[in-house]
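Student: My questions all concern the structure below.
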Amino acid sequence: MSDKTIDRVASATPARVARKVKGLSDRAIAWIFVGPTIFLLLAINIFPLIWTINLSFTNFKANRVNRAVEYIGLRNYERILTDGDIWLSMQATAHFLFWTLFFQVLLGFTLAWLINKKFRGNDMWTTIIVLPMMLSPAVVGNFWTFLYQPQIGLFNYVVSFFTGVDPSSFDMLGSVDLAPWSIVIVDTWMWTPFVMLICLAGLRSIPDYIYEAAEIDRASKLRQFFTITIPMVLPFLMLAVLFRGIENFKMFDLVVQLTGGGPGSVTEMASINLKREAFEKWRTGYSSAFAIILFVTVFGLASIYVKALNKVKER
Amino acid sequence: MSYSVTEPSSRQKWIAGALVILYALITMAPLVWIMMTSFKTPPDSISYPPKVFYQPSLEGYVNLFTTRTRVSPERLAELPPPTNFAEEIVRNRDMVIAGPSKFGGRFLNSVIIGFGSTFLSIFLGTLAAYAFSRFKIPLADDLLFFILSTRMMPPIAVAIPIFLMYRKLGLTDTHLGMILLYTAVNISLAVWLLKGFIDEIPREYEEAALIDGYTRFQAFYKVVLPQAATGIASTAIFCLIFAWNEYAFAVLLTSGTAQTAPPFIPTIIGVGGLDWPAIAAGATLFLLPVMIFTVMLRKHLLRGITFGAVRK
């Protein structure tokens with residue numbers, strides 16, 4: 001090859017290739033790196049969301065694909081908001097949400113406060129307490145139905161051991177009065193550790209010198225607890241409540257396995273009702289509208305809550 | 001000896017320790033009971049009062065992995081003697097092993113889908129997180145928040161259009177379909193967590209590498225990736241645990257080929273009702289890896305949970 005050819009090749013190298021040799025521009029790299037993620041989210045999160053909104057204005061039924069689809073405007077939304085079953089499922093969700101949050105905050109904070117006393121071996125016991133929240137809710141929920149068996153279940157046996165009530169006289173999952181509490185108990189068992197961990201992070205973020213200053217000012221321990229500990233942990237606690245609230249609003253797997261929404265429909269929470277409408281009655285349009293209403297509800301409540309949270313943080 | 005006002009007295013420590021240990025023992029009871037039940041015989045598992053001491057048996061595990069058929073005593077007597085312990089246990093119940101059960105396949109599906117989606121989430125998530133952390137991307141904050149807010153949708157609500165879409169694309173009940181779906185669900189959290197970890201790595205390291213003649217890409221995988229390794233590992237664990245435990249999508253979108261273990265385990269049925277030792281055996285095999293993982297990697301996991309939550 002003559003020198004001439006080399007020159008020609010060199011000068012003919014397109015700018016694009018030349019840059020490749022030196023490395024791509026930052027801008028190009030940014031798009032190459034973000035692109036696939038955005039694409040995946042568009043395909044599996046955003047596009048389905050838009051499709052759901054579209055479906056919510058129709059009378060489409062997924063098990064009858066060949067039937068002509070009609071746009072029926074807001075009629076699905078009207079029907080949902082006047083449907084008694086939907087309101088009952090919202091009530092069941094509210095009961096579950098309120099009591100699980102109540103017990104989890106109470107137990108979670110207490111445990112975090114105790115663990116923060118830094119007794120020997122607290123790391124190991126913290127890990128053991130955390131175990132339930134790492135496990136599959138469906139598998140664990142399924143096993144709890146065994147613990148709740150009236151005669152042979154461990155739960156009933158332990159209750160009868162301590163209270164003297166006959167273990168076959170009450171059925172946690174089968175009784176209308178007890179079933180809502182049976183799911184609260186399992187969810188509390190499972191998720192108290194989450195609230196505990198967040199509270200623990202909050203407690204550990206309080207610098208020692210604040211307590212030392214309070215000690216110099218001769219503030220009592222009780223006063224220190226209410227004027228330092230509680231206010232400083234509150235933003236963390238509120239965050240934990242936010243996450244648990246969103247998760248429990250969506251609650252499906254655990255309750256499906258435990259009660260399946262029964263007995264009757266006393267534990268039929270929003271998600272379970274939605275599943276029944278969408279995948280058993282196949283009212284796709286109607287359930288899409290319900291899905292959108294649920295999403296807007298969670299999103300709205302969460303936004304209001306986050307505003308409140310930010311106010312607490314600023315104080 | 002130094003005195004500190006913030007150090008609890010030893011009596012306080014004792015009381016605190018005792019209460020926490022009491023709670024931990026109560027919390028462990030159902031999990032221990034699952035494992036104990038898996039080593040019981042079916043009659044032992046449903047005896048009253050619940051049996052704490054019993055003759056351990058592998059019947060639950062044998063039943064979990066096999067399907068069995070009942071044979072008449074005369075027919076049983078004609079058979080050659082059992083060749084292994086499983087056959088022997090089954091023969092004692094007047095049955096013979098008919099073949100393997102579906103559990104092995106379902107467990108394998110969980111492994112394939114779990115690791116597949118975790119790998120994909122971490123691969124895509126790390127790239128995206130690096131870009132969000134280091135480059136100016138238009139509307140980056142809004143984009144991140146929007147990505148995260150899609151997790152507020154109940155899974156069933158997302159499942160309606162996904163179900164229709166997968167039916168059209170032929171992705172229903174396929175490994176690929178489930179891997180893509182779990183990746184899409186996980187990636188929002190993965191990007192969010194990983195961005196936090198990468199934000200903590202000083203930019204100066206990369207800038208020094210760039211000056212030394214590295215390209216941006218080389219700087220990314222030779223400087224940033226090793227620094228972010230711990231963060232990547234703990235994010236991967238969260239993705240894996242989510243995919244491993246997920247039930248709602250699995251129960252709606254899979255039925256056979258790609259069905260994972262969580263929808264399968266509750267459906268294990270024995271002769272005349274649910275076979276609790278077999279269910280417990282399945283649950284034990286399915287839950288134990290996560291428990292061991294949690295104990296081994298507790299430092300990263302616990303930090304990851306609080307870090308992920310508090311940063312939001």
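Every number in this text was worked out from the coordinates using simple rules, so none of it is lab data. Please read all numbers here as calculations on a predicted model, not as lab measurements. When we count neighbours, we look across all protein chains shown, and the Cβ atoms used for this are built from the backbone with ideal geometry, even at glycine.
Student: Within chain A, which complete DSSP H helices have Cα atoms spanning at least 20 Å along the helix axis and a mean Kyte-Doolittle hydropathy of 0.5 or higher? Display every interim value, and only then the final one.
Tutor: On the way: long enough: A:26-41 (23 Å, 1.43); A:84-115 (45 Å, 1.28); A:179-204 (38 Å, 1.30); A:230-249 (27 Å, 1.58); A:284-314 (44 Å, 1.01).
Answer set is A:26-41, A:84-115, A:179-204, A:230-249, A:284-314.
Student: Separation of segment B:46-116 and segment A:83-152 by C-alpha centroid, Å?
Tutor: Here the answer is 33 Å between Cα centres.
Student: Can you give the average number of partner chain beta-carbon atoms within 10 Å of each beta-carbon in peptide B:173-179, as a whole number?
Tutor: On the way: counts 0, 0, 0, 0, 0, 0, 0.
Mean partner-chain Cβ count within 10 Å for B:173-179: 0.
Student: Separate question: Cβ under 14 Å from B:PRO161's Cβ, B:PRO161 left aside: what net charge do those residues give with Lys, Arg +1 and Asp, Glu -1?
Tutor: Numbers: positive: B:ARG167, B:LYS168; negative: none.
Once all neighbours under 14 Å are counted, the net charge is +2.
Student: Here is a follow-up. From zero up to wherever the largest Cα-Cα distance of segment A:81-314 sits, split into 10 Å bins and tell me the percent of pairs in each.
Tutor: Reading upward from the zero bin: 7, 26, 30, 22, 12, 3, 0.
Student: Below 10 angstrom from the Cβ of B:ASP44, what's the summed charge of the other residues (Lys, Arg +1; Asp, Glu -1)? Show your work: numbers first, answer last.
Tutor: On the way: positive: B:LYS40, B:LYS51; negative: B:GLU59.
Local charge sum for B:ASP44: +1.
Student: Can you show me the helix-derived [θ] at 222 nm for chain B, built from DSSP H runs with n ≥ 4 at -39,500 (n - 2.57) apiece and divided by the number of residues, rounded to the nearest 500.
Tutor: On the way: 16 runs with 214 residues, N = 312.
Roughly -22000 deg cm²/dmol at 222 nm, from the helical runs in chain B.
Student: Just to compare against my own numbers: the Cα pair-distance distribution for the protein assembly as shown, 20 Å bins, whole % per bin, please.
Tutor: P(r) over the protein assembly as shown, rounded to whole percents: 16, 46, 29, 7, 1, 0.
Student: Could you give the size of the charge dipole of segment A:94-194 about its Cα centre, using +1 on the Cβ of each K and R and -1 on the Cβ of each D and E, expressed in debye and rounded to the nearest 20? Display every interim value, and only then the final one.
Tutor: On the way: 3 positive and 5 negative charges, 102 e Å.
Dipole magnitude for segment A:94-194 comes out near 480 debye.
Student: Return the Rg/Rh ratio of segment A:26-118 with Cα-based radii and a Kirkwood Rh. The partial results should precede the final answer.
Tutor: Values: Rg = 23.0 Å, Rh = 18.6 Å.
My calculation puts Rg/Rh at 1.23.
Student: Could you work out the local net charge near A:GLN91, counting Lys and Arg as +1, Asp and Glu as -1, over the other residues with Cβ closer than 12 Å to its Cβ? Walk me through the numbers on the way to the answer.
Tutor: Values: positive: none; negative: A:ASP85, A:GLU268.
Net local charge, A:GLN91 excluded: -2.
Student: Could you check the spin-label model distance between A:LEU42 and B:PHE146? Points 7 Å from the Cα along Cα→Cβ, value in nm.
Tutor: Here the answer is 1.1 nm between the modelled labels.
Student: Note the angle between two axes, namely the Cα long axis of helix B:298-311 and the longest principal axis of the Cα atoms of chain B, as a number of degrees from 0 to 90, rounded to the nearest 10.
Tutor: Value to nearest ten degrees: 50.
Student: Under a point-charge model restricted to the Cβ atoms of Lys and Arg (+1) and Asp and Glu (-1), what is the dipole moment magnitude of segment B:193-268 relative to its Cα centre, in debye to the nearest 20? Could you put the intermediate results ahead of the total?
Tutor: Numbers: 4 positive and 7 negative charges, 49 e Å.
Roughly 240 debye, rounded to the nearest 20.
Student: For the pair A:TYR209 and A:VAL165, how long in nm is the line joining their label points, each one 7 Å along Cα→Cβ?
Tutor: 5.4 nm
Student: Could you tell me the relative contact order of chain B? Use alpha-carbon pairs under 8 Å, at least six residues apart, and round to a whole percent. Could you put the intermediate results ahead of the total?
Tutor: Numbers: 306 pairs, mean separation 83.5, N = 312.
Over chain B, the number comes to 27 percent.
Student: Among the chymotrypsin sites (Phe, Trp or Tyr not before Pro) in segment B:122-155, which ones are in a DSSP loop with at most 12 other Cβ atoms within 10 Å of the Cβ? Mind listing them?
Tutor: Values: sites: B:PHE123, B:TYR130, B:PHE132, B:PHE135, B:PHE145, B:PHE146; in loops: B:PHE135.
Taking segment B:122-155 and a limit of 12 other Cβ atoms within 10 Å, no loop chymotrypsin sites (Phe, Trp or Tyr not before Pro) are found.
Student: Which of the residue pairs B:LYS40/B:LYS102; A:LYS275/A:LYS307; A:LYS281/B:LYS168; A:LYS117/B:LYS195 have a Cα-Cα distance greater than 26 Å in the structure shown? The partial results should precede the final answer.
Tutor: Values: B:LYS40/B:LYS102 22 Å; A:LYS275/A:LYS307 32 Å; A:LYS281/B:LYS168 21 Å; A:LYS117/B:LYS195 33 Å.
In this structure, A:LYS275/A:LYS307; A:LYS117/B:LYS195 lie more than 26 Å apart at Cα.
Student: Which of the three applies to segment A:226-315, rounded, prolate or oblate, going by the alpha-carbon gyration tensor with a ≥ b ≥ c and a/c under 1.5 meaning rounded? Write out the running numbers ahead of the final one.
Tutor: Details: a/c = 4.75, a/b = 2.07, b/c = 2.29.
Oblate, since a/c reaches 1.5 and b/c is not below a/b.
Student: Can you work out the base-10 log of I(q)/I(0) for chain B at q = 0.10 1/Å, using the Debye formula on its C-alpha atoms alone?
Tutor: After summing over all Cα pairs, the log10 values are -0.79.
Student: Averaged over its residues, how many other protein chain Cβ atoms are within 10 Å of peptide B:242-253's Cβ atoms? Kindly include the intermediate steps, with their values, before the conclusion.
Tutor: Working: counts 0, 0, 3, 8, 4, 11, 8, 0, 2, 6, 3, 0.
Mean partner shielding for this stretch: 4.
Student: At what distance in nm do the modelled label points of B:TYR221 and A:ALA219 sit from each other, each positioned 7 Å from its Cα along Cα→Cβ?
Tutor: Result for the modelled spin labels: 5.4 nm.
Student: Okay, moving on. Rounding to the nearest 10 and keeping the result within 0 to 90°, find how far the Cα-based axis of helix B:155-169 lies from the longest principal axis of chain B.
Tutor: 80 degrees
Student: I've got another one for you. Given the options B:PRO73, B:SER133, B:GLN12, identify the residue whose Cα lies farthest towards the positive end of the charge dipole of chain B (+1 on Cβ of Lys, Arg; -1 on Cβ of Asp, Glu).
Tutor: Positive-most Cα among the choices belongs to B:GLN12.
Student: I've got another one for you. Under a Cβ-only charge scheme (Lys and Arg +1, Asp and Glu -1), can you give me the dipole magnitude of the protein assembly as shown about the Cα centre, in debye to the nearest 20? Walk me through the numbers on the way to the answer.
Tutor: Working: 54 positive and 41 negative charges, 281 e Å.
In total the dipole reaches around 1340 debye.
Student: OK, next. Given a Förster distance of 35 angstrom, what is the FRET efficiency for B:GLU74 paired with B:SER255, based on the Cβ-Cβ distance and rounded to 0.05?
Tutor: Working: r = 39 Å, r/R0 = 1.12.
Efficiency computed from Cβ-Cβ geometry: 0.35.
Student: Between the helical axis of B:175-199 and the dominant principal axis of chain B, each derived from Cα atoms, what acute angle in degrees is found, rounded to the nearest 10?
Tutor: Taking Cα atoms only, the helix is inclined about 40 degrees.
Student: Continuing with this model, one more query. Summing -39500 (n - 2.57) over the DSSP H runs of n ≥ 4 in chain A and dividing by its residue number, what mean residue ellipticity at 222 nm do you reach, to the nearest 500 deg cm²/dmol? Mind dumping the intermediate values first?
Tutor: On the way: 16 runs with 218 residues, N = 315.
The per-residue figure over chain A is -22000 deg cm²/dmol.
Student: Further question on the same structure: Just going by the charge dipole of segment A:81-314, with Lys and Arg at +1 and Asp and Glu at -1 on Cβ, which of A:PRO263, A:ILE86, A:PHE170 is farthest out on the positive end?
Tutor: Positive-most Cα among the choices belongs to A:ILE86.
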